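Q: Shown below is the structure under consideration.
The values are calculated or read from the model by the stated rules, or taken from the named source; none is laboratory data. Quantities reported herein were computed from a predicted structural model and do not represent experimental measurements. Note: ideal-geometry Cβ built from the backbone for every residue, glycine included; neighbour counts use all protein chains shown. Surface areas here come from the heavy atoms of the whole protein model, side chains and all, with no ligands, DNA or RNA. Shrake-Rupley method; radii C 1.70, N 1.55, O 1.52, S 1.80 Å.
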Amino acid sequence: MKKSAAAREDLNLNHIVSRQFDRAAALVNQPQGLLDQIKVCNSVYQVQFPVKLGNRVEVFYGWRAEHSQHKKPVKGGIRYSRMVTQDEVMALAALMTYKCAIVNAPFGGSKGGICFSPRNYSADQIEKITRRYTAELIKKGFIGPGIDVPAPDYGTGEREMAWIADTYDAFHPQGLDNLACVTGKPVGQGGVRGRTEATGRGVQFGIREAFKDKELLRRFGIRGALEGKRVAVQGFGNVGYHVAKFLEEDGCRIVAIGEYNGCVVRPAGISVAKLAAHRARTRSILNLPGAKSSRDPSAVLEVDCDILIPAALENQLTLGNAHKIKARVIAEAANGPTTPGAEAVLLKQGALIIPDVYLNAGGVTVSYFEWVKNLSHMRYGLMEKRFNELSQERLVGAVENLTRRALSARLKQELVHGADEIELVNSGLETAMVLAYREITEIFKRRKKVTDLRTAAFICAIEKVATTYRELGIFP
């Protein structure tokens, strides 16, 4: 029997990222040898290691891929999932190279993963697995403040990053900059405020910019401001939760949220706080009072909405369901959620796709801030906060004397407030996302052969990486 196009679709993420790169590379004026160097994954470390768990010994399979050392260190997350493969890790490392270039973070791209499901293991067992994996990376030189700096990804978080930092420190007891070996740590262990929600916050900033861009919206036939738009989010983990929360604060109506075991839909709007409390109480988003539940995890993708945000895993929008997507805006918070076949269908339908290689770069942007904080051994805002407050107090006092009117205590407090670390981090993140958006859309709007934002983003990345190689004298 002849297979359908959907059944024949290539879902290998490494192949998909290579195709996306090739499409953009064909539109830049760079030597083929240089393009080949930018595209290739420089090195991959595959490891199998045993861990004693109770009365049994289990062998785990892990990888660390370093895609490009055009800038050092390389940077990328570590994911824990039964779905992790070498091809996936290599693809995600490549995306990190391009992502860092787009937001001007001075890193090459890397990625790591261990093939196991954390849901099936206790916290003590996950700690043993994490520490042993870290030891394997240390032995082969695949981790270090100036070498390769991991971060959280799917299945990992602050806890795992703290274990990695502690293990690295045990192997390098005299290292002054040891905390900079990994980012996404708890604040008390050298983390930076705002890192946990950084990817979600970056998605919010990217969507905001798109809805401020009247020329872009007009080109895709999208009307109205961001406020009031109906939003569906696939994924209610760290990224999905924060995206939903922040867009709700921006006045959007969250009409559907999905997870691995199903989704909840409420056209009148879902309270993100109430859903989070419901999940904490019942360990599931399903059966939320006042909302319709479905045990089909993919149903959230087909909900009638204005903005669809895939914030889970790759290959969620495929040839099998692309024609069922009703959203006019696809905002890719996850890595690789849309296959090339699905993208072609969606673009033909007139959808605006804000690509992952730009939109979810908030995490690595704030990881950069954390890395710099660890190397400088100085908390953001420490030296200037009080000075700025005193300067503002004098200015407010002068205004009151000139006008002979006293300002209210609340207004005075707002005017003299000096920025804290979280405010500086969010300001820096917004600046990075806004500048990157403008660079990408400039390419999209000015180059006739560029018909989508993903290709524009890849062109932006390729040109920046190529410039670095030329400056190094590797290519003429």
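Q: Regarding residue 258, is this residue open to solvent by less than 30 Å² (accessible area, probe 1.4 Å), modelled with pLDDT of 95 or more and within 24 Å of residue 79 (Cβ to Cβ)?
A: Numbers: open to solvent by less than 30 Å² (accessible area, probe 1.4 Å): yes; modelled with pLDDT of 95 or more: yes; within 24 Å of residue 79 (Cβ to Cβ): yes.
So residue 258 fits the description; yes.
Q: Another question, if that's okay. For residue 233, all conditions in the list (1) under 23 Å from the mean Cα position of the chain (by Cα); (2) free of Cβ contacts under 8 Å to residues at least 60 places away in the same chain; (3) not in a helix (DSSP H, G or I) hold save one; what is the number of the exception?
A: Single failed check for residue 233: (2).
Q: Shifting gears a bit: Restricting attention to segment 10-28, and to residues there that are modelled with pLDDT of 95 or more and not hydrophobic (A, V, I, L, M, F, W, C), which single residue is farthest from residue 93 (Cα to Cα)? Can you show your working first?
A: Step one: of segment 10-28, the residues modelled with pLDDT of 95 or more are 12-28.
Next, only the ones that are not hydrophobic (A, V, I, L, M, F, W, C) stay: 12, 14-15, 18-20, 22-23.
On the way: 12: 14, 14: 10, 15: 13, 18: 12, 19: 15, 20: 14, 22: 17, 23: 19 Å.
Taking the candidates together, the pick is 23.
Q: For segment 178-195, enumerate the residues that are touching a helix residue (DSSP H, G or I) at 6+ places or on another chain (Cβ under 7 Å) and open to solvent by 60 Å² or more (accessible area, probe 1.4 Å).
A: The initial filter retains those residues of segment 178-195 that are touching a helix residue (DSSP H, G or I) at 6+ places or on another chain (Cβ under 7 Å), namely 178-186, 189-195.
179, 189, 193, listed by residue number.
A quick yes/no check of all residues on (1) in contact with a Leu (Cβ under 9 Å, 6 or more places away or on another chain); (2) at pLDDT 95 or above; (3) among the basic types (Lys, Arg):
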| position | (1), (2), (3) |
| --- | --- |
| 93 | no, yes, no |
| 99 | no, yes, yes |
| 102 | no, yes, no |
| 106 | no, yes, no |
| 113 | yes, yes, no |
| 127 | no, yes, no |
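Residue-by-condition table, conditions (1) farther than 30 Å from residue 93 by Cβ; (2) outside any loop (DSSP other than H, G, I, E, B); (3) in contact with a strand residue (DSSP E or B) (Cβ under 8 Å, 6 or more places away or on another chain):
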{"position": "342", "(1), (2), (3)": "no, yes, yes"}
{"position": "347", "(1), (2), (3)": "no, yes, yes"}
{"position": "353", "(1), (2), (3)": "no, yes, yes"}
{"position": "378", "(1), (2), (3)": "yes, no, no"}
{"position": "387", "(1), (2), (3)": "yes, yes, no"}
{"position": "402", "(1), (2), (3)": "yes, yes, no"}
{"position": "407", "(1), (2), (3)": "yes, no, no"}
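Q: Also, I was wondering about something else. Looking at (1) exposed (fewer than 15 other Cβ atoms within 10 Å of the Cβ); (2) under 25 Å from the mean Cα position of the chain (by Cα), find the lone condition where residue 307 falls short.
A: Here residue 307 meets the rest and fails (1).
Q: Could you list all residues from segment 120-149 that are assigned to a helix (DSSP H, G or I) and open to solvent by less than 10 Å² (accessible area, probe 1.4 Å)? Don't jump to the end; show me each part of the working.
A: Taking segment 120-149 as the starting set, the residues that turn out to be assigned to a helix (DSSP H, G or I) are 120, 123-139.
126, 129, 130, 133, 134, 137 - these are the residues of segment 120-149 that are assigned to a helix (DSSP H, G or I) and open to solvent by less than 10 Å² (accessible area, probe 1.4 Å).
Q: So for segment 204-220 (the condition being more than 17 Å from residue 441 (Cβ to Cβ) and either open to solvent by 10 Å² or more (accessible area, probe 1.4 Å) or among the aromatic types (Phe, Trp, Tyr) (or both)), does at least one residue qualify? Walk me through how you get there before you give the answer.
A: Filtering segment 204-220 down to residues more than 17 Å from residue 441 (Cβ to Cβ) leaves 204.
From what is left, the residues that are either open to solvent by 10 Å² or more (accessible area, probe 1.4 Å) or among the aromatic types (Phe, Trp, Tyr) (or both) are none.
Among the residues of segment 204-220, not one is more than 17 Å from residue 441 (Cβ to Cβ) and either open to solvent by 10 Å² or more (accessible area, probe 1.4 Å) or among the aromatic types (Phe, Trp, Tyr) (or both), which makes the answer no.
Q: Shifting gears a bit: Got a sec? Which of 449, 445 is closer than 17 Å to residue 20 by Cα, open to solvent by 10 Å² or more (accessible area, probe 1.4 Å) and either small (Gly, Ala, Ser) or more than 24 Å from the chain's Cα centre (by Cα) (or both)? Spell out how you get there, then give the answer.
A: Numbers: 445 fails: closer than 17 Å to residue 20 by Cα.
That would be 449, the only listed residue that is closer than 17 Å to residue 20 by Cα, open to solvent by 10 Å² or more (accessible area, probe 1.4 Å) and either small (Gly, Ala, Ser) or more than 24 Å from the chain's Cα centre (by Cα) (or both).
Q: Oh, and also: Would you mind finding the one in 380, 368 that is of a type in the set (Phe, Trp, Tyr) and under 30 Å from residue 455 (Cβ atoms)? Before the answer, list the steps.
A: Details: 380 fails: under 30 Å from residue 455 (Cβ atoms).
Criteria check complete, one pass: 368.
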